[in-house]
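Asker: Before I ask anything, here is the structure I am working with.
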Amino acid sequence: MSARAATAPADGPAFPLPVVARFENFGEKDGLPSHKVHSVLKTSDGRVWLGTNNGLCVRETDGRFHTYGTKEGISHPTVLGMAEDPRAGDLWLATMQGLSRFSGGKFTVFTQTNSGLPNNVVYAVAVIDDTVWAATAAGTGAYNLKTKGWKLYNESNTVMNEPWCYSVAAGEGVIYLGVWAGGIVEHDPRTGSFKAYRDPDGEFHIHLLRDSGPIVDVTSGVAFDDGVLWQATYFGLSRYDTRQATWRTWVQDKTPLVSSFINTVFAHGRVAWLSTDRGASVTDGDNWVNYTVDEAGRGLVRIHRTGQEPETHTLTTALSDSFVTAIWADDHEAWFATSNGVSHGIFAGPAAAATVTANP
Amino acid sequence: MKLKSLIVVATVVALAGAAGSVGGYYGLRAHQRRQSGKPNLGFISCNHCHQSSLAALPWAQPRPHHDAPGGIVISPDGKRVFIALDDRDEIAEADATSLTVTRRVKVPGGPFGLALDATGQRLFVACPRQDRVAVLDTRDLKEQASVEVGVRPTAVAYCQTSSGERLIVPNSGSDDISVLSVSPLSELVRPAAGREPYAVALSGDGRRACVANRMAVRGDLMSPPASEVTVLDPASGRVLDREPQHSAHLAEGITPVSVRGWMLNPLVRVRNLVPITQVKDGWVMSAGLAISQENGEVTQVPLDEANAYFSDPSGVVASSDGKRAYVASGGADVVTVVDLDWLGAWLTRVDAATRNEAIFDLAMSYHYVIARIPTGCNPRHLALSPDGRRLFVAERLDDAVLVVDTASLGPVGRIVLGDGGRDDPIRQGERVFTRSKYTFQSQFSCRSCHPDGHVDGLAYDFDGSGVGDNLLDNRSLCGVAGTAPFKWNGKNPTLQFQDGPRFARVLMRTDPIPTPQLDELATFLEHQPPTRTIPWSRVGKPLSPAAERGRKLFYATRQTNGTPIPRALQCQTCHRPPLFTDRLLRSVGTQEARDPNGMFDTPHLIGVGASAPYLHDGRAKTLEEIWTTYQKDDQHGVSSYWSKEQLNDLVEYLKTL
């Protein structure tokens, strides 16, 4: 085994992906209310929010954790998704029993019985301009923050073939809805139009038609940034470049994708962070960095550069669990929600390189 | 022969007439049964269904307008006083020395809240009737710019931030706060407030904008209400905090005490969950002052005395040296002067438990209430001159601004704006409505529960036995004309009866309102227009597609699959337009153990979108809950066939009424 200063960006010029040098892991012993974390979000005030199956947990900027549960007013302890209203600073929570708004330290609950929310099982939430979009088990609800009115989107008034919505993302002037067994629905609120992106071969066991549309219709997550739409599924990954109108698809057997079972996808710039059942993948579509945990519990990072043989390194630290449920990342750090706590990924850089060791 | 013929003809005519009458009677009864859906017609008459048009109702008729002062601001040099005259659509400028009005200009939209920039060159005006904020140049009082905000903005505050000039505007009708940039004048963000955000103040360091919410947001039916002070970062508009005001509501004013780092807001401490019979023990409403400290701690202290109440605290202002606060008591016609030095010392020496209990100790106010300055009718807004030597008090129902010397605490004069409308019975009735002298120890006024004639969003325990737990939802008085009978049990045929001797015995616990004043009060109430629930920009426009679908659902006679809906279970039968009530007792399956029976007066629906909670005891916090949580076997109209989209559509329609 030889040790060397590791990976990009320290040793790889122009490698376009961030690389985690080490992980800091946090679990119940550190103050999390549960080992199972469903969602993670760092808000603009520097706090990191964790949606667990036993409440909403926040890591304050001083590193301390604090939990909010139903006693404090959250509608249900299982928090599946979160979104920050970038203007008002409110935090919106998708829970198993309604939509909650956390604003100024106070929760307000929207349910299917006390409001226009289409269903209490809310998988994801997004705040786009004056509208809160809630993806639910019975369609997507759009709550207008100014008029306080709701619009519902489901199989009765859109092109979606079923109402089970898992995800919602803002595109460039359009909204993308990730529909379970319904592919992706694009909605233009200005025109009221809808467009469905569906698996061209219609098969979710077999991937017959590469790079020609969504890999399957079973969408577990969608994300959009910088002109690129990503589709996470339990059967692979899809990428749609909206400016070029081109599709690409990946499955684990034939590509660097760490697993075809992708829980969620997070987009930052033209890079996607993939939460899978076997670890995490980061990709821009050409280059890949995969984070896994070996049988001994060591963290492995496998780097795939375009046109080069992949490199595998062993990290001194590892993801807290291979089953990654959600990721949040920016240019400086990444947070990984897993089924056994949360991991803070600190990117490699000149100062952090020594913490990474190479694997022969 | 002739006589015989006449007898025959007369008999035939009489029999035909009788037959016609009998047939007509039964035909009419059949028609009434069919249209009302009620087998037992009781006292149903034609006019339960065939109502007069809205245009014929008193509130739709032209009425006199008055020079009622709203917000007041003083120019930085102390020479000019600007006064909002919302009922006139005008701004008045007065000379602060001579106390004479120098100019009046038209500003459409019911100008109410005012603010000046730091130089006094621009006057910002919140216009609640047109949902806008206008900018006036104080040199010529001409309108320079205007921007649309949320529904019914009642106040405006100006501040200079690191990100530029900002205006903070509480929108009382849409429960949100518009944060505006000044150059250009545009809305940056509209965060959610509590319920009915009404007043706004900037902290001394300019880093926090605090908005007082007039109404409480209620939790469970039997949980005490709490209103909030919404705290924003004025630069970004982001919500920093929502400070709860426990068991308190009707906060209509807020002011900073910069040298102490405090924020003061008057409030009504309400105990709606104890039987209303407890009025005699002083246990339903009392006036208080909330002191919010920089550390987030909020302490409520009483403004009342042990056996004397000063109801409806409204405007508040503090001297710049932090020694005194002045609170207008709109129901008592006084301004209360508070010694902040005493309260500051008290806060530092007592423990948390003592602070928490202070609001219950009415004897405590003797320590810090320096004076009660008598005013004209219904003092509301207050302003201090920049040198702190003069206090300006808007005497709203006397059309005047009282000027008080703060050294002697005596009056030095008045800015007379109008004649007070002494000949206008509506105005006289409004005086009855706002005065607390008609209740035991002047504990509250009609306005205490019906701010601006509307609702306070609470359900009160009206159990006459004193046992309790029999809540009745407060109903709006806006648009009440023509909707008799009154009261949830429908027993009061007129407003005079409703507010008459029995009401005095049960609720007010004192002598009844004298008949002339009672008639004036009824006149005032009949002239209260419905509450506008939609943005001004939507008034007169076609319904949105969702609301239009909801309208069709409201008038549906068949379910989606074609099944007929029984007449008695169609929305339009009981909530018959144009008043959206047939004014009859109905059972909608909401009877609880303590309700004598399940029959309740059918409420009108005009302005229903703004009058939550719903049902006779206020159990439904939202319109949706009426049919999701509290509907039983389609007793409140056939709703079991509705999809979620249809329910949402119906709610959208109801919010437009």
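Only the coordinates and a few stated rules stand behind these numbers; no lab work does. Everything quoted here is computed from the prediction, not taken from an experiment. Cβ sites come from the backbone with ideal geometry, for glycine too, and all protein chains shown count toward neighbours.
Asker: By per-residue mean of other Cβ atoms within 10 Å, what is the highest-first order of B:205-212, B:184-191?
Answerer: Order by mean packing, descending: B:205-212, B:184-191.
Asker: Measure nothing fancy, just the Cα-based angle from helix B:340-349's long axis to the longest principal axis of chain B, in degrees from 0 to 90, nearest 10.
Answerer: 90
Asker: Test of understanding: extend the Cα→C-beta vector of B:E548 to 7 Å, then name every residue of segment B:586-609 with backbone N under 15 Å from that spot.
Answerer: none
Asker: What percent does the relative contact order of chain B come to when contacts are Cα pairs within less than 8 Å and at least six residues apart?
Answerer: 10
Asker: Given contacts defined as C-alpha pairs under 8 Å and at least six residues apart, what's the relative contact order of chain A, whole-number percent?
Answerer: 16
Asker: Principal axes first, then extents: for the Cα atoms of chain B, list largest minus smallest coordinate on each axis, whole Å, largest first.
Answerer: Dimensions of chain B along the principal axes of its Cα atoms: 105, 55, 53 Å.
Asker: What FRET efficiency, computed as 1/(1 + (r/R0)^6) with R0 = 56 Å and r the Cβ-Cβ distance, is obtained for B:R29 and A:A296, rounded to the nearest 0.05?
Answerer: Between B:R29 and A:A296 the formula returns 0.05.
Asker: Say each of A:D226 and B:K632 gets a label point 7 Å from the Cα, pointing the same way as Cα to Cβ; how far apart are those two points in nm?
Answerer: So the label points at A:D226 and B:K632 sit 6.1 nm apart.
Asker: Relative contact order for segment B:67-148 using alpha-carbon pairs under 8 Å, separation at least 6, rounded to a whole percent?
Answerer: 20
Asker: Right, another one. Round to the nearest 0.05 the FRET efficiency obtained for B:I7 and B:K280 when R0 = 56 Å and r is the Cβ-Cβ distance.
Answerer: Efficiency for this residue pair is about 0.20.
Asker: Based on the alpha-carbon gyration tensor of segment B:67-148 and its eigenvalue square roots a ≥ b ≥ c, which shape applies: rounded if a/c is under 1.5, prolate if not and a/b is larger than b/c, or oblate?
Answerer: oblate
Asker: Each residue of segment B:355-362 in order: what ³J(HN,Hα) in whole Hz does its phi give by Karplus 6.51 cos²θ - 1.76 cosθ + 1.60, θ = phi - 60°, with x for Gly and Pro?
Answerer: 5, 5, 8, 4, 4, 8, 9, 5
Asker: Specify whether the C-alpha gyration tensor of segment B:427-526 places it in the rounded, prolate or oblate class, a ≥ b ≥ c being the square roots of the eigenvalues: rounded for a/c under 1.5, otherwise prolate if a/b is larger than b/c and oblate if not.
Answerer: Rounded shape, in that the Cα axes give a/c under 1.5.
Asker: Additional query: Give the average over all directions of the projected area of the C-alpha convex hull of segment B:542-657, one decimal, in nm².
Answerer: Result: a mean projected hull area of 7.1 nm².
Asker: Rank-order B:629-639, B:74-84, B:324-334, A:64-74 by packing density, defined as the average count of other C-beta atoms within 10 Å over each peptide's residues, highest first.
Answerer: Ranking the peptides B:629-639, B:74-84, B:324-334, A:64-74 by packing returns B:324-334, B:74-84, B:629-639, A:64-74.
Asker: Of B:K541/B:K621; A:K42/A:K254; B:K38/B:K487; A:K71/B:K644, which pairs sit farther than 23 Å apart, going by alpha carbon to alpha carbon?
Answerer: B:K541/B:K621; A:K42/A:K254; A:K71/B:K644, as the Cα separations exceed 23 Å there.
Asker: Next up: Cα gyration tensor of the protein assembly as shown, axes a ≥ b ≥ c as square roots of the eigenvalues: rounded (a/c below 1.5), prolate (a/b > b/c) or oblate?
Answerer: In terms of gyration-tensor shape, oblate.
Asker: On to the next question. Report, in whole Å, the centroid distance computed from the Cα atoms of segment B:194-231 and segment B:259-289.
Answerer: Using only Cα atoms, the two centres lie 15 Å from each other.
Asker: Please list, in order, the residues from segment B:285-313 whose amide nitrogen is less than 20 Å from a point placed 7 Å along the Cα→Cβ vector of A:E72.
Answerer: B:295-298
Asker: Another question, then. Starting from the Cα-Cα distance between B:T102 and B:Q160, subtract it from 0.36 nm times their residue separation and give me the gain in nm to one decimal.
Answerer: Taking 0.36 nm per residue and subtracting the Cα distance, the gain is 17.9 nm.
Asker: Next question, about the same structure. Please compute the alpha carbon radius of gyration of segment A:279-347, then divide it by the globular-protein estimate 2.2 N^0.38 Å. Two decimals is fine.
Answerer: 1.09
Asker: Using modelled amide H (1.01 Å from N, peptide plane; none on Pro or chain starts), what sits under 5 Å from the amide H of A:R22, excluding residues fewer than 5 places away?
Answerer: Close amide H contacts, sequence-distant or interchain: A:I346.
Asker: Here is the link list: B:K79/B:K142; B:K79/B:K106; A:K148/B:K142. Which ones come out longer than 28 Å on Cα distance?
Answerer: Beyond 28 Å: A:K148/B:K142.
Asker: Hey, with R₀ at 22 Å, roughly what FRET efficiency would A:E309 and A:D277 work out to, going by the Cβ-Cβ distance, to 0.05?
Answerer: So, using R0 = 22 Å, E works out to roughly 0.25.
Asker: Go through segment B:85-145 and name the trypsin sites (Lys or Arg not before Pro) that are in a DSSP coil and have 14 or fewer other Cβ atoms within 10 Å of their Cβ.
Answerer: Loop-located and lightly packed - B:R139.
Asker: Quickly work out the B:Y366-to-B:R389 label distance, labels modelled 7 Å from Cα along the C-beta direction, and quote it in nm with one decimal.
Answerer: Result: 3.5 nm between the two label points.
Asker: Would you mind getting the Kirkwood hydrodynamic radius of segment B:1-63 from its Cα pairs, rounded to one decimal in Å?
Answerer: Computed over Cα pairs of segment B:1-63, the Kirkwood hydrodynamic radius comes out at 15.3 Å.
Asker: Please work out the Cα center distance from segment A:303-324 to segment B:299-318, rounded to the nearest Å.
Answerer: Going from one Cα centre to the other spans 67 Å.
Asker: If N is the number of residues in chain A, what value comes out of its Cα radius of gyration divided by 2.2 N^0.38 Å?
Answerer: 0.96
Asker: For segment A:129-167 and segment B:490-528, compute the distance between their C-alpha centroids and round to whole Å.
Answerer: 48
Asker: In terms of the ratio Rg/(2.2 N^0.38 Å) built on C-alpha atoms, what value belongs to segment A:33-217?
Answerer: 1.06
Asker: What is the spin-label model distance, in nm, from B:Q572 to A:R210 if the labels are put 7 Å beyond Cα along the C-beta direction?
Answerer: 6.3
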